[in-house]
Amino acid sequence: MTIVAWPPAAPGAADKVLTNVRGDVSYLANPSGKPHAVAVAASIALADDDVAKTGAASMGAIVLPDSSRVVLASDTTVKVDLFDAVNASAHFVVFNGKIRFRVEHPSGARANFAFTTPTGTIGVRGTEGDLAADPLDGVRVNVYHLSDPALPVVVTTIDGQRFELKGGQKIWMRWQSGQLVSRVTPLTKAEIDRFSELGPPTTIDGGPPAP
């Protein structure tokens, strides 16, 4: 399995920095704007509402000044709605593809991150996990580790369902016969392997799942 090194923290206190880890990485000033390529190993500061994109066999990383990171796998599109350093909050829109999020606050502040997807919103407060959004397969979220067990990942679906995920759990949300079907189950090795491009997770609460 590939080991992926996390990029260093963003250099500017107010910056959201997009780094090209490998391949084809670009950003748009808005979802309908013109893409601007980011050279391999180069970085660019993002503004609120900018969109980050990766191509085939590519990887990018959005690094925030609080040391939180969102890594984009191949063929992924993510909009950076906002980052509020004062209130330790951020909002992203995941249009498609796969991401790994590591939300952490060395100063001890309590995080309040949200990832909006086609099936609902994932609320994260000090967590490492993976998220995939696919028009045919739906949305999958793996939760590997909670920095505080009392702060689970909260998933609110577009039809009003609410789920709380602990470390070592996953949720799969997809449309079936016009109904949004959502199910929380323990993590499996097969679910983790869906995100093998992003490397192994750092920690899995409760230990690694059975094969």
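Where a number appears in this text, it was derived from the coordinates with a stated rule and is not lab data. Just so you know, these numbers come straight off a predicted model, no measurement behind them. Please note: Cβ atoms are built from the backbone with ideal geometry, for glycine as well, and neighbour counts cover all protein chains shown.
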Legend entry - Dipole magnitude of segment 82-182, debye to nearest 20 (Cβ charges: Lys/Arg +1, Asp/Glu -1, about Cα centre): 120
Legend entry - Protection proxy ranking of 86-98, 49-61 - average other beta-carbon atoms within 10 Å, highest first: 49-61, 86-98
Legend entry - Farthest positive-ward along the chain dipole, Cα basis, beta-carbon charges - from Ala133, Ala41, Pro209: Pro209
Inset, instruction - Rank-order 138-144, 153-159 by packing density, defined as the average count of other C-beta atoms within 10 Å over each peptide's residues, highest first. - result: 138-144, 153-159
Legend entry - Relative packing of 15-23, 30-38, which averages over residues the other C-beta atoms within 10 Å, highest first: 15-23, 30-38
Inset, instruction - Would you work out the charge dipole size for segment 45-98 about its Cα centre, treating the Cβ of every Lys and Arg as +1 and the Cβ of every Asp and Glu as -1, and quote it to the nearest 20 debye? - result: 260
Legend entry - Estimated dipole of the chain in Debye, rounded to 20 [Cβ of Lys and Arg +1, of Asp and Glu -1, Cα centre]: 300
Legend entry - Mean-position separation - Cα centroids, segment 10-85 and segment 147-211, in angstrom: 24
Inset, instruction - Using R₀ = 35 Å, calculate the FRET efficiency as 1/(1 + (r/R₀)^6) where r is the Cβ-Cβ separation of Ala56 and Ser89; round to 0.05. - result: 0.60
